[in-house]
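Below: the structure, in structure tokens.
The values are calculated or read from the model by the stated rules, or taken from the named source; none is laboratory data. What you see is a predicted model, and the numbers here were worked out from it, not measured in a lab. Here Cβ is always computed from backbone atoms with ideal geometry, including for glycine, and neighbour counts include all displayed protein chains.
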Amino acid sequence: MSKTAVFIATTEGPTRLQRLTAEAPDVRSVICLGGRAMVLPISPDYDTFVRRPTGVIEACYGHNAYRMDISDPIG
Amino acid sequence: MTETMNFWAEADSAGEAVFIACDALETLRTHADADIAEPTICFNDLYRYATDPEATVKEGFSRVLSTNPKLRNDMRILLERVAPLQPISRAAAASGSTTTRFGTGFQMTLRESQADREQFYVIIKLQDQSCTPNTLFVINDSEWCDRVPLPKPTDGTVQLLLGSNSTLATSLRDPKTDVFMR
């Protein structure tokens, strides 16, 4: 088990980042709840944050599709 | 009128009595299932189902549509008339983690999630980005038909995430399944 935990501050309280996985490039980045097949509505905004031309993650790390699993809903 | 049966009097042993009672219970269950009334489906019901995603359908409609091959075929013919996005080629038999099928104006790919092999993405790439389908119809040759609301496309791509064991996932992996969108 990791000794480090990452939390995201939201207006509804802290949300723990459970897992971050690189997905195939043709997949749109998504934020899912609790490792389940439940895509949160904030996902299109996350994809915009990740993918070029607007995304900074692809510009910095060279990959354009990630899946983030979090413990509690955002947005 | 309910008939009272004394299983103990008919049976030579407790085991036999239990067996007779279970047999009677199974018979009652079978008859109860057979008594469930099938809703009568008319063309208007099919048309509303195919064209209005907000329309409520009769109770049991989905079950009848899934189990009645003639009705399913009627739905397929109707969708060929009213759905602008239709299948051109069927998915090849799944040989790996990716399956692709092509349609008029779209390409649908099933891709396994790297995060969880029990989940996969349904990626629908639309050729015309002004086209915004909101309903996916899934029709299997032999046993299933359903419709699924679609999220809004982003840059001409609609994406769903499904658990591998869901009915929709199983049907989409089946090469004998056709998809329509409108």
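Is it the case that some residue within region B:100-107 is farther than 22 Å from residue B:160 by Cβ, at pLDDT 85 or above and more than 18 Å from the chain's Cα centre (by Cα)?
No, the conditions are met nowhere in region B:100-107.
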Restricting to region A:9-36, and then to whatever is over 11 Å from the mean Cα position of the chain (by Cα) and of a type in the set (A, V, I, L, M, F, W, C), can you tell me which residue is farthest from residue A:63 (Cα to Cα)? A:9
Residue check, residue B:152 of a type in the set (D, E, K, R), crowded, with 16+ Cβ neighbours inside 10 Å and closer than 24 Å to residue A:39 by Cα: no
The conditions are (1) charged (D, E, K, R); (2) free of Cβ contacts under 8 Å to residues at least 12 places away in the same chain; (3) closer than 20 Å to residue B:161 by Cβ, and residue A:3 fails exactly one of them. Which is it? (3)
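Out of all the residues in region A:57-65, is one or more of a type in the set (A, V, I, L, M, F, W, C) and within 14 Å of chain B (Cβ to nearest Cβ)? Step through it out loud before you land on a result.
Of the residues in region A:57-65, the ones of a type in the set (A, V, I, L, M, F, W, C) are A:57, A:59-60, A:65.
Next, from what is left, pick out any that are within 14 Å of chain B (Cβ to nearest Cβ): A:65.
Yes, region A:57-65 has at least one match.
Does region B:113-121 contain any residue that is of a type in the set (Asp, Glu) and either more than 13 Å from every other protein chain (Cβ to nearest Cβ) or not in a strand (DSSP E or B) (or both)? Steps first, please.
Here is the first cut: in region B:113-121, the residues of a type in the set (Asp, Glu) are B:116, B:118.
Next cut, either more than 13 Å from every other protein chain (Cβ to nearest Cβ) or not in a strand (DSSP E or B) (or both) only: B:116, B:118.
Within region B:113-121 (the criterion being of a type in the set (Asp, Glu) and either more than 13 Å from every other protein chain (Cβ to nearest Cβ) or not in a strand (DSSP E or B) (or both)), the answer is yes, since at least one residue qualifies.
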Residue A:75 meets each of (1) loosely packed, with under 13 Cβ neighbours inside 10 Å; (2) free of Cβ contacts under 8 Å to residues at least 24 places away in the same chain with one exception, condition (2)
With the condition kept exactly as written, say whether any residue in region A:50-57 is assigned to a loop (DSSP other than H, G, I, E, B) and closer than 22 Å to residue B:122 by Cα. yes
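Listed here are the residues, each with its yes/no results for (1) within 30 Å of residue B:127 (Cβ to Cβ); (2) at pLDDT below 85; (3) not in a loop (DSSP other than H, G, I, E, B).
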residue	(1), (2), (3)
B:3	no, yes, no
B:8	no, yes, yes
B:25	no, yes, yes
B:28	no, yes, yes
B:37	no, yes, no
B:46	yes, no, yes
B:81	yes, no, yes
Residues that are at the interface with chain B (Cβ under 10 Å from one of its Cβ atoms), in a helix (DSSP H, G or I) and within 28 Å of residue B:108 (Cβ to Cβ): does region A:23-44 have at least one? yes
Note down all Cβ pairs under 6 Å where the first residue falls in region B:153-181 and is under 12 Å from residue B:101 (Cβ atoms), the second is part of a loop (DSSP other than H, G, I, E, B) and charged (D, E, K, R), and they're at least six residues apart or on different chains. B:175/B:90; B:176/B:141
Kindly indicate whether any position in region B:123-145 is within 14 Å of chain A (Cβ to nearest Cβ), modelled with pLDDT of 90 or more, out of contact with any Pro (no Cβ under 6 Å at 6 or more places or on another chain) and over 28 Å from residue B:47 (Cα atoms). no
